[in-house]
1. Please work out which residue is nearest to the chain's Cα centre (by Cα), limiting yourself to region 329-339 and to residues that are without any contact (Cβ under 8 Å) to a residue 40 or more places away in the chain and more than 21 Å from residue 448 (Cβ to Cβ).
2. Using beta carbons and a limit of 7 Å, which pairs, at least six apart or on different chains, have the first residue in region 58-80 and closer than 20 Å to residue 3 by Cβ and without any contact (Cβ under 8 Å) to a residue 40 or more places away in the chain and the second one in a helix (DSSP H, G or I) and among the basic types (Lys, Arg)?
3. Of all residues in region 57-84 being among the β-branched types (Val, Ile, Thr) and not in a loop (DSSP other than H, G, I, E, B), which is surrounded by the most Cβ atoms within 10 Å (Cβ to Cβ)?
4. Name the residues in region 241-266 that are surrounded by 22 or more Cβ atoms within 10 Å (Cβ to Cβ) and under 25 Å from residue 133 (Cβ atoms), would you?
5. In region 214-236, which residue that is in a loop (DSSP other than H, G, I, E, B) and in contact with a Pro (Cβ under 9 Å, 6 or more places away or on another chain) is farthest from residue 22 (Cα to Cα)?
6. At positive phi, of a type in the set (Asp, Glu) and under 24 Å from the mean Cα position of the chain (by Cα): which single residue out of 141, 103 fits that description?
7. Can you name the number of the only condition in (1) at pLDDT 95 or above; (2) of a type in the set (Gly, Ala, Ser); (3) farther than 30 Å from residue 404 by Cα that residue 435 fails?
8. Starting from region 287-314, take each residue that is over 18 Å from residue 427 (Cα atoms) and list its partners that are modelled with pLDDT under 95 and of a type in the set (Gly, Ala, Ser), counting only C-beta distances under 8 angstrom and pairs at least six apart or across chains.
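The values are calculated or read from the model by the stated rules, or taken from the named source; none is laboratory data. Small disclaimer: the values here were computed from a predicted structure and weren't measured. Cβ coordinates were reconstructed from backbone atoms using ideal geometry, including for glycine residues, and neighbour counts include every protein chain displayed.
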Amino acid sequence: MIKTGAEHTASLKDGRDIFLDGGRVADATTHPAYRGAVASVARMFDFQSAPENRDLMTFETDTGTRANRIWELPRSYEELKRRRAGLEAWTGLHAGFLGRAPDHVASCISGMYMGLDQFQAFDPARAAALADYYRYARDNDLYLTYVIINPQADRSKSAAGQADPFLSAGMVDQDAEGIAVRGAKMLATGGIMANEVFVTCIQPLQAGDEAYALSFAIPMNAKGLKILSRKSYEAASPSVFDNPLSSRFDENDAVLYFDDVKVPWDRIFVAGDIAMTAKQFHATPAHVYQNYQAQIRLAVKLKFLLGIARRIAEVNGTTGFPQVRETLGQLAAEAAMVDGLVAGMEAKGFQYGPYFIPDRHTLYAAQALTQQLYGKIITTLRELAGGGMIMLPSSVQDFADPELARLIGKTQQSPAASAEEKVKFYKLAWDAVGSEFASRHAQYEMFYAGASFVVKGHSFRTYDWAAAGSLLDAMLASYSLDDEVPARARAAE
């Protein structure tokens, strides 16, 4: 099924337990804290279902039906690039500000499916559950989020060592029907508007943590599942003109609490095995495939931010200044680097069985570099804008007063835009760079792939050190002390 926006929105009216500001949210699709983001996701589904986007956004499955390319399993370099084109087009609808749009976790589950051999070696029954779930999610065009991090408590202790043994979601019981799960997981980014959640742990687990070594998927309205929403930036942004990004793309983040949630065996991929919980990411293409999608998203987002940078210079009349052109040239080089790394990880890709996978180290190199890059680019935009993003009318309502509108026209002058166009642009620029919504994105881009030492550890682990060492050894072997000081002369000394 190629889902439409209306169909996805209707699917969210499922009785899920969302809690915000001390109360339960009856319907996220109409609530002022979420409805703008829900509508933005609906536009994504309308885009994919439009007849003119059929080839761009969908592919033919093994059963002859069509599905969104987010579920595609490329078998060649060309197929990988074709999938990327679809992801780029979809990401353009939100300029990269939906970090957990439907294409992210779909990429993770698809990568796990590509590594089905690892699950079959572990447990054929769990492999069958994963294979069935991949097809189910693909064929029903599900929007998935995930929770793969334990709550921050005493970081010096393992999950089992916390004062409350069920602070982190763990297995409390199992029977012939499935397992019961109790405790919390984070961060369910996009969970408010997702259909289902993939629950597991990407953090290292220790001996004794077997109860937390889980991997399963359940609907967001599962009995006993509570969605504890963070503050909504959308709720504080009722005007699209004043807050064009936060009013429409605040995907929300939530802590999920599992109050003895029952998970059936046909939805369970790992239960109680620490080694397999780690292998599902790193012994399969899952971790690479999901983060490859994230770099595609980031490349689009940086292109959007560079559009802001160039427009700042145009609106301020500084494009001809040598120092401004130098700054824009630096930004252009940095954005092109990310584009080049995405293309490089595709060009250096490798076969994993029948599937073609992006190069691991190029991916992790991109993540290590872009974690540092995003904050630098945001700071550069601030420097280019100066006070322009701050000294703006208080709200769109100021334009309704003729005298205020006259003064706005007088004080918001630009050589390249009308007063209204300048205010509109700088309101957007501030929402991307300096608002509370923008601050959340700065934090998100720093940590979505993990702490810096974790990301750099992946880069260390996957680099071809042997080749580097061989080059060094060959150079060392090309000369010796005997070439400079004959052996007999040294012996005489």
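1. Ranking the candidates gives 336 first.
2. Final answer for the pair search is 59/69; 69/83; 72/83.
3. Ranking the qualifying residues of region 57-84, first place goes to 70.
4. 251, 252, 254, 256, 258, 261, 263
5. 234
6. 141
7. Going through the list (1) at pLDDT 95 or above; (2) of a type in the set (Gly, Ala, Ser); (3) farther than 30 Å from residue 404 by Cα, residue 435 breaks only (3).
8. From residues that are over 18 Å from residue 427 (Cα atoms), the pairs are 291/449; 294/449.
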